[in-house]
Amino acid sequence: MLTLVTGATGLVGNNVLRLLLERGMAVRVLARETADARPLSGLNVEVVRGDVRDEAAVRRAVAGVQRVVHAAARVQLGWSNLELQREINVAGTRRVAIAAREAGATLVHVSSSDACGLARGDVLADEETAVEGGVPTPYVITKREAEQAVQAEVARGLQATIVNPAFMLGPWDWKPSSGQMLIAVAKGQGLLAPRGDFSISDVRDVAAAILAALDRTGPSGRRYLLAGHNLSYFEAWRQFAEGAGVRRPLAQLPPVFAFFAGRGGDLWGRISRREPNVNSGALAMARLPKRYSIARAEAELGYRIRPLRDTVSDALAWFREHGYLRS
């Protein structure tokens, strides 16, 4: 059975790709001409060159496959590039979903927990929690619109599952993406942690759940939160620092510092025309109560999360091995 993976050079896609190969599956990937060559180096995969913004390339990639894992997306936490994120995250998803439906292929769409609702007090958010509040950054807007695009094709007969990973750590984070946070703390740069809560999972556990979703036969369009350990940033950063053997964070970032850091990032983005990772949108998103239940994924996909200590240790080892951190 041939499986197409989009976004195969990214954190989720590369782990899904490697797990498919480990299980003896035939795999095709859709990769841009300018994509980093390292994530696919030495792997026995068929490569179709192209972009999800190119309908012809998407159709070439989907032709003849039975399953599609759509993990390609632009992840940018801030206020800029709404139209670019719409073209990749929404229009690109629509192209993949239409092509999969017309080919009779099963689709797993990799969305984000940022497309879901938020916890209220001690009540964890789940797949049915109302989507209210939040911070309307382009990333959040487009990930929610992308799910709507998938559901529109489900209504036309597409067999699809939507998975909503939370914050992920693990190996094969070539960019790096979310691993930037762990690297920064491991370099001793995490003395003041952001305020807010988030949920941390191991990308390898997420990849295993995605493969389970490919084989599920339940109602099309069902969503699964693939979250993990619900912690404050301060608690998580202490574990990151302990794993790296560096000084632990001293405290949470005072609100006034966060305000000026965010506004400073916004100003620098306007001057440089390149929005930095620290900006008011990203910091506002960090303050949200992102605590999630994984009960549905546990019951229906067999989703299991490993100890955070193991995830941190393995991720740090991978970053050291590949030159992102000193040994």
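For the stretch 85-122, a residue qualifies if it is modelled with pLDDT of 95 or more, aliphatic (A, V, I, L, M) and more than 18 Å from S220 (Cβ to Cβ), and the qualifying residues are I88, V90, A91.
If a residue must be buried (at least 24 other Cβ atoms within 10 Å of the Cβ), assigned to a strand (DSSP E or B) and at pLDDT below 95, how many such residues does the stretch 154-192 contain? So the answer is 0. Just for the stretch 8-33: of the residues that are surrounded by fewer than 19 Cβ atoms within 10 Å (Cβ to Cβ) and of a type in the set (K, R), which one is farthest from A209 (Cα to Cα)? Among those residues, the one meeting the criterion is R32.
For (1) hydrophobic (A, V, I, L, M, F, W, C); (2) in contact (Cβ under 8 Å) with a residue 24 or more places away in the chain; (3) closer than 21 Å to A284 by Cα, each residue gets a yes or a no:
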site	(1), (2), (3)
W79	yes, yes, yes
N89	no, yes, no
V96	yes, yes, no
S112	no, yes, yes
C116	yes, yes, yes
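Of the strands (runs of 3 or more DSSP E) lying entirely inside the stretch 197-264, those containing at least 3 residues that are surrounded by 22 or more Cβ atoms within 10 Å (Cβ to Cβ) span 197-202, 222-226. Apart from one condition, T129 fits all of (1) surrounded by fewer than 19 Cβ atoms within 10 Å (Cβ to Cβ); (2) outside any loop (DSSP other than H, G, I, E, B); (3) among the polar types (S, T, N, Q); the exception is (2). If you scan the stretch 17-52, which residues turn out to be at pLDDT 95 or above and in contact with an Asp or Glu (Cβ under 6 Å, 6 or more places away or on another chain)? The answer is R28, R49.
What's the total number of residues in the stretch 281-321 that are part of a loop (DSSP other than H, G, I, E, B) and without any contact (Cβ under 8 Å) to a residue 12 or more places away in the chain?
Residues flagged as part of a loop (DSSP other than H, G, I, E, B) and without any contact (Cβ under 8 Å) to a residue 12 or more places away in the chain within the stretch 281-321 amount to 1.
Would you pick out the residues in the stretch 266-280 that are part of a helix (DSSP H, G or I) and either in contact with a helix residue (DSSP H, G or I) (Cβ under 6 Å, 6 or more places away or on another chain) or touching a residue at least 24 places away in the same chain (Cβ under 8 Å) (or both)? Answer for the stretch 266-280, where residues must be part of a helix (DSSP H, G or I) and either in contact with a helix residue (DSSP H, G or I) (Cβ under 6 Å, 6 or more places away or on another chain) or touching a residue at least 24 places away in the same chain (Cβ under 8 Å) (or both): D266, G269, S280.
The values are calculated or read from the model by the stated rules, or taken from the named source; none is laboratory data. Predicted model, so just to flag it, every value in this text is computed and none were measured. Note that each Cβ is placed from the backbone with ideal geometry, even for glycine, and that neighbours are counted across all protein chains shown.
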